[in-house]
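The values are calculated or read from the model by the stated rules, or taken from the named source; none is laboratory data. Quick caveat: nothing in here was measured; it's all calculated off a predicted structure. We place every Cβ from the backbone using ideal geometry, glycine too, and count neighbours over all the protein chains shown.
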């Protein structure tokens with residue numbers, strides 16, 4: 001039995017640099033940054049050591065109807081906004097509900113709902129806690145609400161593997177479509193946790209950049225003076241379907257999703273393996289599923305969070321797979337522009353990878369002042385042409401807990 005080819009027919013995003021996928025892509029190519037000073041009283045109230053983040057450019061509750069937004073945590077609001085865009089972009093495919101699935105992800109879930117409810121309980125008592133609190137805060141809320149909104153009855157599954165979450169959801173979607181569990185899948189991820197608790201926690205572990213005086217240049221992956229990541233928020237969604245189904249309905253096709261690899265480091269709860277063994281294996285698994293070799297890869301969207309330790313470890317992992325050729329492959333580190341969307345970041349970067357293949361240009365990596373010799377990726381502050389031939393790209397995501405997920409995309 002032949003293995004179905006999986007294609008991307010719709011994309012949607014709400015990110016720190018754009019309210020839609022096309023706006024985010026255009027801003028990325030233009031070298032814009034989504035990092036901005038936070039204008040909240042709680043920044044000063046709690047004397048937070050980091051006073052900026054990459055907030056979504058467009059608030060989701062200004063897009064959704066008010067009654068809908070009130071029933072959703074911000075993370076689910078972002079998910080619905082991005083999914084509606086992707087669904088419309090795919091031409092609102094007519095599909096049997098029992099052949100429509102949801103593979104969705106989040107790293108943390110409804111943090112704002114949970115902590116707001118705790119404040120209400122302490123200050124006003126149990127009778128004032130909203131009855132929808134648990135359905136709003138649960139990690140599977142986004143997947144469940146997307147299933148309800150679009151009538152997806154094949155399944156609605158949730159991945160929560162920290163910063164690898166939404167890349168893993170894409171890999172799951174590939175497998176589910178290949179296994180015949182659905183004809184169309186809504187895949188992606190979301191996150192909205194720019195909150196004093198998370199900022200304080202990440203600051204305590206010295207993971208966040210502290211360039212409070214210049215947020216726009218704070219995320220600088222690959223640069224020798226990088227000092228941590230910038231927290232971001234938003235969501236990104238891909239509509240995936242079998243090529244047969246897409247062609248039968250005359251859908252436009254952005255790219256093919258040809259492979260995926262998911263592994264675990266089993267090394268440390270927050271630090272990735274310095275030898276990159278698990279990450280390298282995830283890349284190899286993705287290429288194996290794609291029936292491709294390392295020599296076929298023409299572009300890489302690196303995880304590259306801008307942390308002092310993480311960036312060189314990723315280089316070590318990719319060097320293991322690609323050898324000296326890694327220094328010649330155009331690499332984009334797009335978190336320099338968007339910040340780190342945690343559970344939503346993999347899906348957003350998958351969209352950037354898809355657009356890079358379609359327009360045959362690797363997006364720039366901004367804020368690269370002086371490249372670290374320990375991270376000698378082929379990074380550029382300007383868009384880099386990819387050429388006219390067949391293109392194969394990978395997008396990497398690595399998360400707390402030792403999670404590694406890699407997705408491979410091919411031009412069509």
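Look through 207, 156 and report the one residue that is surrounded by fewer than 23 Cβ atoms within 10 Å (Cβ to Cβ), touching a helix residue (DSSP H, G or I) at 6+ places or on another chain (Cβ under 6 Å) and either modelled with pLDDT of 95 or more or farther than 26 Å from residue 15 by Cα (or both).
Testing whether each residue is surrounded by fewer than 23 Cβ atoms within 10 Å (Cβ to Cβ), touching a helix residue (DSSP H, G or I) at 6+ places or on another chain (Cβ under 6 Å) and either modelled with pLDDT of 95 or more or farther than 26 Å from residue 15 by Cα (or both) leaves just 156.
Condition first: without any contact (Cβ under 8 Å) to a residue 40 or more places away in the chain, out of contact with any helix residue (DSSP H, G or I) (no Cβ under 8 Å at 6 or more places or on another chain) and in a helix (DSSP H, G or I). Now tell me which residues in region 287-318 satisfy that.
The answer is 288, and nothing else.
Please pick out the residue among 375, 321 that is more than 26 Å from residue 289 (Cβ to Cβ) and either in contact (Cβ under 8 Å) with a residue 12 or more places away in the chain or crowded, with 18+ Cβ neighbours inside 10 Å (or both).
Going through 375, 321 in turn, just one is more than 26 Å from residue 289 (Cβ to Cβ) and either in contact (Cβ under 8 Å) with a residue 12 or more places away in the chain or crowded, with 18+ Cβ neighbours inside 10 Å (or both): 375.
Only one of 296, 291 is surrounded by fewer than 24 Cβ atoms within 10 Å (Cβ to Cβ), at positive phi and touching a strand residue (DSSP E or B) at 6+ places or on another chain (Cβ under 9 Å). Can you tell me which?
Just one listed residue meets the conditions, 291.
Does residue 109 qualify as being more than 25 Å from residue 253 (Cβ to Cβ), assigned to a loop (DSSP other than H, G, I, E, B), under 22 Å from the mean Cα position of the chain (by Cα) and modelled with pLDDT of 95 or more?
Spelling it out, residue 109 is indeed more than 25 Å from residue 253 (Cβ to Cβ), assigned to a loop (DSSP other than H, G, I, E, B), under 22 Å from the mean Cα position of the chain (by Cα) and modelled with pLDDT of 95 or more.
From the list 282, 304, pick out the single residue that is surrounded by 23 or more Cβ atoms within 10 Å (Cβ to Cβ) and closer than 12 Å to residue 407 by Cα.
Of 282, 304, the one residue that is surrounded by 23 or more Cβ atoms within 10 Å (Cβ to Cβ) and closer than 12 Å to residue 407 by Cα is 282.
Please work out which residue is farthest from residue 165 (Cα to Cα), limiting yourself to region 112-132 and to residues that are in a helix (DSSP H, G or I) and in contact with a helix residue (DSSP H, G or I) (Cβ under 7 Å, 6 or more places away or on another chain).
Residue satisfying both the conditions and the ranking: 128.
Surrounded by 24 or more Cβ atoms within 10 Å (Cβ to Cβ), part of a helix (DSSP H, G or I) and modelled with pLDDT of 95 or more: is that true of residue 167 in this structure?
yes
Checking residue 369 against (1) surrounded by fewer than 24 Cβ atoms within 10 Å (Cβ to Cβ); (2) in a helix (DSSP H, G or I); (3) touching a helix residue (DSSP H, G or I) at 6+ places or on another chain (Cβ under 9 Å): exactly one of these is not met. Which one?
Failing condition for residue 369: (2).
Within region 182-206, count every residue that is part of a helix (DSSP H, G or I), over 23 Å from residue 136 (Cα atoms) and either touching a residue at least 12 places away in the same chain (Cβ under 8 Å) or in contact with a strand residue (DSSP E or B) (Cβ under 7 Å, 6 or more places away or on another chain) (or both).
So the answer is 3.
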